[in-house]
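Colleague: Attaching a single structure in structure tokens format; questions to follow.
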Amino acid sequence: MRSETLPHHLDVDLSAKCNLRCSFCHLSYFTPKDRGEQISLQEFTDHIEPYLDNLKSLTLFSKFEVLTCRDFIPIFNLISGRQIETYFSTNGILLTDDVLDLIVGNLTYLTVSVTGFNREQYLRYMRTDAFDIVEENLTKLNTLKKQRNTEFPKLRISMVGMQSTLESLTDAADFAKKHCAAGGVQMTSLYVFEPGMRKELPAADTARYDRMTRLAVDHAAAIGVPFELQSGTLEDNTAETEKLGHRPCYLPWQRLSIQPNGDVYPCPVSQQPVGNMFDNSLAEIWRGDALSAFRKRVNTVDPDLQNEDCQNCLHCRHHAIQDADANDLSAKETFFAGMTRKVS
Ligand code: SF4
Ligand code: SF4
């Protein structure tokens with residue numbers, strides 16, 4: 001596959017921080033390479049803005065909470081108004097009036113991550129008593145959308161699918177309906193970071209996982225809510241990942257993933273940078289040898305020739321979910337973007 005002269009899509013983590021420590025999140029187990037780092041308005045202007053006119057889409061998060069970036073508002077102002085599809089995911093707690101004022105009518109897609117659909121469950125999984133705040137912010141979002149007569153941002157609710165949350169999938173669909181989430185529900189699949197969590201994997205009880213996800217999809221359809229299993233059904237995922245160990249993947253031909261310390265990765269889940277935007281321009285990195293070598297080792301069927309990242313692909317849309325070992329990172333000392341395991 002030929003890559004374009006410049007990427008049409010960028011994933012940019014504007015901040016390497018989050019205001020939460022969810023029970024299932026990598027941030028509860030790993031420390032970011034440059035903890036607390038943020039992209040400033042000046043850095044964004046100097047190193048990323050020159051590429052905006054070439055972009056079709058821009059994702060402003062992948063591993064952290066974008067709204068912890070102190071320059072989020074001026075940076076979004078630079079992006080807003082261009083012909084670019086914009087997207088970010090947030091836990092929704094920091095959707096202040098100023099942020100809502102900026103994004104309503106301007107942001108294309110917004111995902112709000114909620115695992116636990118009442119105060120007690122939310123506290124259990126998200127580890128903070130903020131369920132009511134999220135509901136309040138979603139109400140404000142929808143009120144403003146109505147006032148401005150806009151469908152943007154198109155809202156979606158995302159939840160983590162694990163054995164103990166499978167019974168809440170139907171609640172997720174009801175929650176999405178209540179909050180007018182036109183994008184419905186997206187269920188992301190879990191990978192685990194300590195042996196005690198292994199029982200939560202889809203692979204720990206595939207029959208139950210299959211049955212409960214089917215029930216949820218049916219319930220959502222009955223109330224008119226789109227419901228997406230991000231990794232696909234167990235059956236489809238197994239068939240599609242059998243040959244390579246992951247689904248055929250073309251992300252490194254389409255996009256670059258940027259961390260706030262300037263490191264640039266070939267995809268959002270790789271662990272080795274292919275350059276740093278403060279040392280080389282994004283154009284140089286895009287056409288450089290490191291990325292070219294990585295691309296050659298993405299879809300090869302020979303597992304010995306595949307990039308280590310691709311052999312253990314953890315991208316929700318590409319990785320295999322039926323293999324418990326592939327989703328158990330209990331023994332790993334490193335994680336995405338150079339994160340290292342916390343010393344307990
Ligand atoms: S809100 Fe998202 S990034 Fe933050 S701790 Fe929870 S799962 Fe991790
Ligand atoms: S690690 Fe996964 S998402 Fe990244 S390039 Fe490899 S197969 Fe694609």
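Derivation of every value follows stated rules applied to the coordinates shown; laboratory data play no part. Fair warning: this is a prediction, and the values are worked out from it, not measured in the lab. Neighbour counts run over all protein chains shown; Cβ positions are idealised from the backbone, glycine included.
Colleague: For the stretch 242-267, give me each residue that is in a helix (DSSP H, G or I) and either within 10 Å of ligand 2 (Cβ to nearest atom) or small (G, A, S) (or both).
Modeller: If the condition is that a residue be in a helix (DSSP H, G or I) and either within 10 Å of ligand 2 (Cβ to nearest atom) or small (G, A, S) (or both), then L251, P252, W253 are the ones that fit.
Colleague: Which condition from (1) surrounded by 15 or more Cβ atoms within 10 Å (Cβ to Cβ); (2) assigned to a loop (DSSP other than H, G, I, E, B); (3) at negative phi is the one that G232 breaks?
Modeller: (3)
Colleague: Taking G275 as meeting all but one of (1) without any contact (Cβ under 8 Å) to a residue 24 or more places away in the chain; (2) under 21 Å from P303 (Cβ atoms); (3) touching a strand residue (DSSP E or B) at 6+ places or on another chain (Cβ under 8 Å); (4) among the small types (G, A, S), write down the number of the exception.
Modeller: That leaves (2) as the condition not met.
Colleague: Could you say which residue among L52, L58, L67, L27 is buried (at least 20 other Cβ atoms within 10 Å of the Cβ) and away from ligand 1 (no atom under 16 Å from the Cβ)?
Modeller: Result: L58 is the single residue among L52, L58, L67, L27 that is buried (at least 20 other Cβ atoms within 10 Å of the Cβ) and away from ligand 1 (no atom under 16 Å from the Cβ).
Colleague: Here's a check for you: in the stretch 288-313, which residue that is under 23 Å from the mean Cα position of the chain (by Cα) and among the hydrophobic types (A, V, I, L, M, F, W, C) is surrounded by the most Cβ atoms within 10 Å (Cβ to Cβ)?
Modeller: Among those residues, the one meeting the criterion is C310.
Colleague: Only residues that are hydrophobic (A, V, I, L, M, F, W, C), surrounded by fewer than 20 Cβ atoms within 10 Å (Cβ to Cβ) and more than 10 Å from ligand 1 (Cβ to nearest atom): list them for the stretch 1-24, please.
Modeller: M1, L6
For (1) farther than 20 Å from R124 by Cα; (2) among the hydroxyl-bearing types (S, T, Y); (3) not in a helix (DSSP H, G or I), each residue gets a yes or a no:
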position: I157; (1), (2), (3): no, no, yes
position: L166; (1), (2), (3): no, no, no
position: D171; (1), (2), (3): no, no, no
position: D174; (1), (2), (3): no, no, no
position: M197; (1), (2), (3): no, no, no
position: T213; (1), (2), (3): yes, yes, no
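Colleague: So, one more: Does the stretch 84-98 contain any residue that is away from ligand 1 (no atom under 16 Å from the Cβ), within 28 Å of F336 (Cα to Cα) and surrounded by fewer than 20 Cβ atoms within 10 Å (Cβ to Cβ)?
Modeller: Scanning the stretch 84-98, I find at least one residue that is away from ligand 1 (no atom under 16 Å from the Cβ), within 28 Å of F336 (Cα to Cα) and surrounded by fewer than 20 Cβ atoms within 10 Å (Cβ to Cβ), so the answer is yes.
Colleague: Do any residues in the stretch 317-328 that are touching a residue at least 60 places away in the same chain (Cβ under 8 Å) have Cβ atoms under 7 Å from those of residues that are within 11 Å of ligand 2 (Cβ to nearest atom) and outside any loop (DSSP other than H, G, I, E, B), where the two are at least six apart or on different chains, and which pairs are they?
Modeller: Close Cβ pairs satisfying both conditions: H318/H246; H319/H246; A320/T241; A320/H246.
Colleague: Just one of R148, R124, R119 is surrounded by fewer than 20 Cβ atoms within 10 Å (Cβ to Cβ) and within 22 Å of the chain's Cα centre (by Cα); which is it?
Modeller: Unique residue meeting the criteria: R124.
Colleague: Follow-up question, since we're still on this one. With the condition kept exactly as written, say whether any residue in the stretch 100-108 is within 16 Å of ligand 1 (Cβ to nearest atom) and either crowded, with 21+ Cβ neighbours inside 10 Å or within 21 Å of A220 (Cα to Cα) (or both).
Modeller: No; the residues of the stretch 100-108 include none that is within 16 Å of ligand 1 (Cβ to nearest atom) and either crowded, with 21+ Cβ neighbours inside 10 Å or within 21 Å of A220 (Cα to Cα) (or both).
Colleague: Considering only the stretch 244-258, state which residues are within 16 Å of ligand 1 (Cβ to nearest atom) and out of contact with any Pro (no Cβ under 8 Å at 6 or more places or on another chain).
Modeller: none
Colleague: OK, next. Between residues in the stretch 16-32 that are more than 21 Å from V112 (Cβ to Cβ) and residues that are more than 16 Å from ligand 2 (Cβ to nearest atom), which pairs lie under 6 Å by C-beta distance while being six or more apart or on different chains?
Modeller: Y29/F193; F30/R341; T31/T340; T31/K342; P32/A16
Colleague: Restricting to the stretch 146-183, give me the number of residues that are closer than 15 Å to I103 by Cα, out of contact with any Ser or Thr (no Cβ under 7 Å at 6 or more places or on another chain) and of a type in the set (A, V, I, L, M, F, W, C).
Modeller: Going through the stretch 146-183 one residue at a time, the tally reaches 1.
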